[in-house]
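One structure is given here, and the rest of the page talks about it.
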Amino acid sequence: MLQVKKRDSWGSRLGIIMSVAGSAVGLGNFLRFPAKVASNGGGAFMIPYFVSLFLLGLPLMWIEWTLGRFGGGFEHSTAPGIFHSIWRKNRFIKYFGVIGIFGPLIIFIYYIYIESWTLGYSIFSLLGKYRNLTDQATMQSFLKGFQGLEKNQFFESLGWAYTFFVITFVLNIVIISYGIKGGIERICKLAMPLLFVCALVLLIRVITLGTPDPTKPSWNIFNGFGFLWNPDFSALRSAKVWLEAAGQIFFTLSVGIGVILTYASYLSKGDDVVLSGLTAASTNELAEVILGGSIIIPAAFVFFGPQEIQSIARSGVFNLGFVTMPLVLNKLPLAQIFGFIWFFLLFLAGITSSVSLCQPAVAFLEDEFNLSRKRAVLLFGLISFVLCQPTIFFLKNGLVDELDFWGGTFCLVLFATVETILFAWILGMENAWSEIHRGADLVIPRTYKFVIKYITPLFLFFILGMWFWQEWLPVIMMKGVSVQNRIFVLATRWGLLSIFSILALLVKIAWRRKKLNS
């Protein structure tokens with residue numbers, strides 16, 4: 001199959017690696033990962049984590065790079081077209097590909113709002129707006145006031161948060177409007193090195209904290225790392241810990257979303273997907289395990305001690321990033337500078353991920369409806385801006401949790417399962433193995449032929465099966481959701497179903513148009 005000239009392309013191999021790594025390196029690396037480690041057995045958590053990395057993460061990374069490059073040869077840059085290219089006899093498979101557009105869109109409409117908080121807090125840090133806050137209660141009140149959840153002495157309305165949301169949203173749309181090479185690749189080439197510099201500055205500062213309070217010699221940085229990494233092997237008996245580890249791998253590598261499929265579709269047939277996928281995954285793991293795991297929890301330990309750190313580790317990613325870490329940094333010299341570095345680091349991590357989430361929907365409009373880049377971006381921007389509004393104005397009613405579960409958890413596993421079956425069983429493992437290694441400088445160990453064909457799909461079916469066995473009915477019946485929030489959760493679910501149905505209808509229309517024009 002000859003490679004047809006695409007509407008867009010990468011400038012270099014480094015560009016696509018940086019962009020895929022940028023998509024993967026996000027808020028979860030510096031907030032979600034340390035919280036998961038501290039709450040699920042410390043160092044023992046890394047056993048199921050690395051098992052999941054080698055049996056799920058790397059196989060899915062290579063699967064998505066290969067399927068994306070394969071589909072790109074047929075002028076398809078999104079999952080519906082790529083899935084159809086692989087299994088042409090099945091007229092329904094393209095509708096499973098809708099998940100690869102639906103998932104990124106749903107994640108985008110809440111992720112970008114959280115991302116805008118990091119931009120706001122970066123400015124607040126420089127201005128010293130929260131400099132005099134010294135306890136969890138007042139810092140929590142500051143955050144709630146900013147989010148518009150309560151009126152207090154710091155904020156009277158949602159105005160600040162909404163302003164930063166609009167700035168962040170416009171910035172994302174401007175970047176994506178410049179395309180793959182001129183927009184996404186350029187911002188990732190700039191942001192990723194800067195992100196690592198910020199992280200290294202914070203890491204060095206954390207390592208040199210020593211024992212800030214001489215009257216409490218056990219509250220030292222060495223014990224802080226010990227709290228995070230000392231293994232509690234009894235946690236490994238819990239199935240929940242294994243599922244949490246698998247979920248973190250999905251979340252951190254951005255597999256099962258559809259973004260990597262789209263990125264890889266702009267490769268030529270001779271581009272190396274083995275080394276590129278491995279490099280992108282390694283960059284993400286460096287950011288997560290070495291940097292993300294070494295900043296917030298150890299730093300919090302030396303100032304709050306072994307008792308309070310337990311509740312801090314379980315307090316959730318918002319509290320870790322926007323309450324605990326500012327309090328820690330406030331105790332240091334040059335607090336305003338270090339506060340800015342921390343939140344600017346999170347902003348850089350956020351924006352490299354959010355621009356990636358835009359690309360599948362924009363590429364779908366370009367490929368299947370022949371829209372120009374500007375028109376596709378404008379349409380995406382208008383629709384997604386409207387969809388963001390409920391997240392902003394009904395934040396306290398459980399919308400983010402609902403969107404995160406269906407768009408950022410359930411759909412990831414389901415989509416990854418479909419991808420793996422298509423790759424290993426429909427395309428066929430021998431054909432797939434040859435396709436992976438087309439133009440490759442490295443050879444994947446042959447063990448992975450067995451892993452990809454049997455172990456990875458079985459692992460995925462196990463995760464789905466466990467969810468249906470343990471969680472399906474309580475989730476559907478909204479157990480654990482407060483009575484006052486149930487109407488909002490139900491409305492969110494109907495909204496998600498409507499969005500998915502509209503996307504499926506658009507796929508049907510696109511294919512009908514192609515048949516009429518062929």
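The values are calculated or read from the model by the stated rules, or taken from the named source; none is laboratory data. The shown structure was predicted, so the numbers you read here are calculated from the model rather than taken from an experiment. Heads up, the Cβs are rebuilt from the backbone with ideal geometry, glycines too, and the neighbour counts pull from every protein chain shown.
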Has the stretch 390-397 got any residue that is closer than 30 Å to Gln484 by Cα, aromatic (Phe, Trp, Tyr) and either in contact with a strand residue (DSSP E or B) (Cβ under 9 Å, 6 or more places away or on another chain) or not in a helix (DSSP H, G or I) (or both)?
-> yes
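If you check Ser116, Ser177, which single one turns out to be surrounded by 21 or more Cβ atoms within 10 Å (Cβ to Cβ), among the hydroxyl-bearing types (Ser, Thr, Tyr) and within 30 Å of Leu412 (Cα to Cα)?
Ser116
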Please enumerate the residues belonging to the stretch 306-317 that are surrounded by fewer than 17 Cβ atoms within 10 Å (Cβ to Cβ), in a helix (DSSP H, G or I) and touching a residue at least 24 places away in the same chain (Cβ under 8 Å).
-> Pro306
Return the residue satisfying two criteria in turn: it lies in the stretch 124-154 and is among the basic types (Lys, Arg) and under 21 Å from Ile312 (Cβ atoms), and of such residues it is farthest from the chain's Cα centre (by Cα).
-> Arg131
When the stretch 425-448 is checked residue by residue, the ones that are under 18 Å from Ile260 (Cα atoms) and either free of Cβ contacts under 8 Å to residues at least 60 places away in the same chain or among the acidic types (Asp, Glu) (or both) are Glu435
State all residues of the stretch 454-489 that are closer than 16 Å to Phe415 by Cα and in contact (Cβ under 8 Å) with a residue 12 or more places away in the chain; if no residue qualifies, say none.
-> Thr456, Pro457, Phe459, Leu460, Phe461, Ile463, Leu464, Trp467
Which residue out of Leu58, Leu14 is surrounded by fewer than 24 Cβ atoms within 10 Å (Cβ to Cβ), hydrophobic (A, V, I, L, M, F, W, C) and modelled with pLDDT of 95 or more?
-> Leu58
Within the stretch 156-209, considering residues that are assigned to a helix (DSSP H, G or I) and small (Gly, Ala, Ser), the one nearest to the chain's Cα centre (by Cα) | Ala191
Quick one: which residue in Leu357, Leu332, Leu348 is under 22 Å from Arg131 (Cα atoms) and either outside any helix (DSSP H, G or I) or not polar (S, T, N, Q) (or both)?
-> Leu332
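Counting only residues that are among the basic types (Lys, Arg) and part of a helix (DSSP H, G or I), which one in the stretch 63-108 is farthest from the chain's Cα centre (by Cα)?
Filtering the stretch 63-108 for residues among the basic types (Lys, Arg) gives 69, 88-89, 91, 94.
Narrowing the set further to residues that are part of a helix (DSSP H, G or I) leaves 69, 94.
On the way: Arg69: 22, Lys94: 24 Å.
Filtering the stretch 63-108 for residues that are among the basic types (Lys, Arg) and part of a helix (DSSP H, G or I), the one farthest from the chain's Cα centre (by Cα) comes out as Lys94.
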Of the residues in the stretch 470-514, those that are surrounded by 11 or more Cβ atoms within 10 Å (Cβ to Cβ), of a type in the set (Ser, Thr, Tyr) and assigned to a helix (DSSP H, G or I) come to Thr492, Ser501
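Yes or no: Tyr111 out of contact with any Asp or Glu (no Cβ under 6 Å at 6 or more places or on another chain), touching a residue at least 40 places away in the same chain (Cβ under 8 Å), of a type in the set (Ser, Thr, Tyr) and within 28 Å of Phe450 (Cα to Cα)?
Numbers: out of contact with any Asp or Glu (no Cβ under 6 Å at 6 or more places or on another chain): yes; touching a residue at least 40 places away in the same chain (Cβ under 8 Å): yes; of a type in the set (Ser, Thr, Tyr): yes; within 28 Å of Phe450 (Cα to Cα): no.
No; evaluated as a whole, the condition is false for this residue.
Would you pick out the residues in the stretch 258-286 that are in a loop (DSSP other than H, G, I, E, B) and either over 18 Å from the mean Cα position of the chain (by Cα) or modelled with pLDDT of 95 or more (or both)? Full working, then the answer.
Of the stretch 258-286, the ones in a loop (DSSP other than H, G, I, E, B) are 258, 265-272.
Within the stretch 258-286, Ser265, Tyr266, Leu267, Ser268, Lys269, Gly270, Asp271, Asp272 meet the criteria.
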Of all residues in the stretch 220-257 being surrounded by fewer than 20 Cβ atoms within 10 Å (Cβ to Cβ) and part of a loop (DSSP other than H, G, I, E, B), which is modelled with the lowest pLDDT?
-> Ser238
Residue count, the stretch 316-348 (criterion: out of contact with any helix residue (DSSP H, G or I) (no Cβ under 6 Å at 6 or more places or on another chain) and of a type in the set (Gly, Ala, Ser)) | 1
Looking only at the stretch 82-108, which residues are in contact (Cβ under 8 Å) with a residue 12 or more places away in the chain and among the aromatic types (Phe, Trp, Tyr)?
-> Phe83, Trp87, Tyr95, Phe96, Phe102, Phe108
State which residue pairs qualify: first residue within 20 Å of Gly321 (Cβ to Cβ) and part of a helix (DSSP H, G or I) and inside the stretch 15-30, second residue modelled with pLDDT under 90 and among the hydrophobic types (A, V, I, L, M, F, W, C) in any location, beta carbons under 7 Å apart, and separation of 6 or more residues or different chains.
-> Gly28/Phe251
Does Phe322 satisfy being touching a residue at least 60 places away in the same chain (Cβ under 8 Å), surrounded by 18 or more Cβ atoms within 10 Å (Cβ to Cβ) and either among the basic types (Lys, Arg) or closer than 14 Å to Arg32 by Cα (or both)?
-> yes
Could you count how many residues in the stretch 328-380 are within 16 Å of the chain's Cα centre (by Cα) and of a type in the set (S, T, N, Q)?
-> 5
